[in-house]
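Trainee: Just passing along the structure, written as structure tokens.
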Amino acid sequence: MKKREIDDVTGVETTGHEWDGVKELNKPLPKWWLFTFYATIVWAVGYWIVYPAWPTFTGYTTGVLGYSQRATVADELKAAQAAQGQLRDLLEKTPLDQIRTSPDLLRFAMAGGAAAFQTNCGPCHGRGAQGFTGYPNLNDDDWLWGGSIADIHKTISFGIRSDQKDARISQMPRYGLDKLIDDGQINDAAEFVLSLTGKSTDPAAVAKGRTVFADQCASCHGPDGKGKQDQGAPDLADEIWLYGGSRQAVIESIRTGRGGMMPAWAGRLDPVTIKSLAVYVHSLGGGK
């Protein structure tokens with residue numbers, strides 16, 4: 001066997017490997033490191049035996065302790081609900097318009113509503129309820145279906161264009177897709193809508209669009225374009241736009257009819273949580 005070289009500086013045998021003049025020492029790992037490594041292996045084997053670990057075709061090995069994190073969380077949630085039981089019962093029984101008369105109940109509803117909003121509503125409306133294109137801002141005072149706490153509660157419960165029989169339902173015609181009016185009329189109607197907020201630059205198109213609007217749009221949006229809340233028709237003269245207020249965005253709204261959908265939360269969330277959500281949303285600044 002070839003004799004290993006001994007490093008002159010450290011006095012340790014080398015492995016024979018060398019990179020750019022740097023020689024590799026054949027020095028064993030520290031014993032404390034090896035013992036720690038072996039201990040982690042023993043710990044891992046013990047963990048596999050005691051706790052759920054290995055997937056099977058029908059589930060997973062439950063371990064000697066039969067521990068379940070899911071069951072632990074469920075128990076903790078039940079315990080939390082039990083601790084809140086008195087306030088939850090009171091919130092369930094108190095009419096929406098009377099919740100603000102009790103500071104303790106209001107604080108409880110606000111805390112629960114804020115938590116439920118972040119989990120269920122924030123992905124669409126934003127964590128600050130500021131909204132995005134196609135998802136309304138809940139902080140302003142512009143409500144398609146009404147901003148009272150009762151209106152908000154109904155919208156949350158049954159949704160908009162959802163599969164619930166009590167859902168908020170409105171549908172703007174797809175004027176372009178269904179060939180109800182031609183492209184020229186769509187452009188003229190868009191110019192008239194833009195003129196309601198001083199954004200139109202084509203007076204001749206506005207004059208023609210006024211007639212198109214009166215014939216096709218005024219029955220829902222009103223002759224002055226200020227909308228009708230009982231039909232979910234938006235105010236077109238307030239410069240608050242769900243899908244954008246540019247000329248192209250308005251044309252696209254007329255052409256396609258848009259028609260977003262909000263899910264119904266009744267059945268998904270318990271009545272107390274929905275009530276808390278209504279209180280929280282109403283408090284954001286835009287509630288009436």
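The values are calculated or read from the model by the stated rules, or taken from the named source; none is laboratory data. Just so we're clear, the structure is a prediction, and the values are computed from it rather than from any experiment. Counting neighbours? That spans all protein chains shown, and the Cβs are built from the backbone with ideal geometry, glycine included.
Trainee: Could you pull out the residue among Val50, Val73 that is under 30 Å from Gly112 (Cβ atoms), among the β-branched types (Val, Ile, Thr) and surrounded by 10 or more Cβ atoms within 10 Å (Cβ to Cβ)?
Mentor: Val73
Trainee: From the list Gly245, Gly260, which residue is within 17 Å of the chain's Cα centre (by Cα), over 30 Å from Asp89 (Cβ atoms) and of a type outside the set (A, V, I, L, M, F, W, C)?
Mentor: Gly260
Trainee: OK, next. Please give the number of the condition Gly63 fails out of (1) surrounded by fewer than 10 Cβ atoms within 10 Å (Cβ to Cβ); (2) on the phi > 0 side of the Ramachandran plot.
Mentor: (1)
Trainee: Could you please let me know if Ala79 is among the hydrophobic types (A, V, I, L, M, F, W, C), within 22 Å of Ala115 (Cα to Cα) and out of contact with any helix residue (DSSP H, G or I) (no Cβ under 7 Å at 6 or more places or on another chain)?
Mentor: So Ala79 fits the description; yes.
Trainee: Looking at Gly147, Gly232, Gly159, Gly176, which is the one that is among the small types (Gly, Ala, Ser), at pLDDT 95 or above and out of contact with any Pro (no Cβ under 9 Å at 6 or more places or on another chain)?
Mentor: Gly176
Trainee: Moving on to the next point. Of Lys154, Lys165, which residue is surrounded by 15 or more Cβ atoms within 10 Å (Cβ to Cβ), free of Cβ contacts under 8 Å to residues at least 40 places away in the same chain and under 26 Å from Pro271 (Cβ atoms)?
Mentor: None of the others qualify; the one that does is Lys154.
Trainee: Checking the conditions here, which among Ala80, Ala71 is aliphatic (A, V, I, L, M), more than 30 Å from Arg107 (Cβ to Cβ) and in a helix (DSSP H, G or I)?
Mentor: Just a single option satisfies the conditions, and that option is Ala71.
Trainee: Same structure, new question: Test each condition in (1) touching a helix residue (DSSP H, G or I) at 6+ places or on another chain (Cβ under 9 Å); (2) surrounded by fewer than 17 Cβ atoms within 10 Å (Cβ to Cβ); (3) not hydrophobic (A, V, I, L, M, F, W, C) for Arg210 and report the one that comes out false.
Mentor: For Arg210, the exception is condition (2).
Trainee: Any idea which residue in region 23-34 is farthest from the chain's Cα centre (by Cα), counting only those that are loosely packed, with under 11 Cβ neighbours inside 10 Å and in a helix (DSSP H, G or I)?
Mentor: Lys31
Trainee: Let me ask something else. Could you tell me which of the residues Asp97, Asp8 is in a helix (DSSP H, G or I) and exposed (fewer than 12 other Cβ atoms within 10 Å of the Cβ)?
Mentor: Just a single option satisfies the conditions, and that option is Asp97.
Trainee: Which residue is surrounded by the fewest Cβ atoms within 10 Å (Cβ to Cβ), if the candidates are limited to region 213-230 and must be touching a strand residue (DSSP E or B) at 6+ places or on another chain (Cβ under 8 Å) and part of a loop (DSSP other than H, G, I, E, B)?
Mentor: Within region 213-230, the match that is surrounded by the fewest Cβ atoms within 10 Å (Cβ to Cβ) is Gly222.
Trainee: A further question on this structure: Filter region 183-203 for residues that are surrounded by 12 or more Cβ atoms within 10 Å (Cβ to Cβ) and assigned to a loop (DSSP other than H, G, I, E, B); which is farthest from the chain's Cα centre (by Cα)?
Mentor: Step by step, filter region 183-203, then rank; the result is Asp202.
This table checks each residue for (1) of a type in the set (Gly, Ala, Ser); (2) within 24 Å of Lys226 (Cα to Cα); (3) touching a Leu at 6+ places or on another chain (Cβ under 9 Å); (4) part of a loop (DSSP other than H, G, I, E, B).
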position: Gly112; (1), (2), (3), (4): yes, no, yes, no
position: Ala115; (1), (2), (3), (4): yes, no, no, no
position: Thr119; (1), (2), (3), (4): no, no, no, no
position: Cys124; (1), (2), (3), (4): no, no, no, no
position: Leu144; (1), (2), (3), (4): no, yes, yes, yes
position: Ile152; (1), (2), (3), (4): no, yes, yes, no
position: Thr155; (1), (2), (3), (4): no, yes, yes, no
position: Asp163; (1), (2), (3), (4): no, no, no, yes
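Trainee: Looking at the structure I just gave you, is Thr15 of a type in the set (Val, Ile, Thr), in a strand (DSSP E or B) and surrounded by 11 or more Cβ atoms within 10 Å (Cβ to Cβ)?
Mentor: yes
Trainee: Is it the case that some residue within region 232-255 is out of contact with any helix residue (DSSP H, G or I) (no Cβ under 7 Å at 6 or more places or on another chain), touching a residue at least 12 places away in the same chain (Cβ under 8 Å), surrounded by fewer than 20 Cβ atoms within 10 Å (Cβ to Cβ) and not in a loop (DSSP other than H, G, I, E, B)?
Mentor: Within region 232-255, none of the residues are out of contact with any helix residue (DSSP H, G or I) (no Cβ under 7 Å at 6 or more places or on another chain), touching a residue at least 12 places away in the same chain (Cβ under 8 Å), surrounded by fewer than 20 Cβ atoms within 10 Å (Cβ to Cβ) and not in a loop (DSSP other than H, G, I, E, B).
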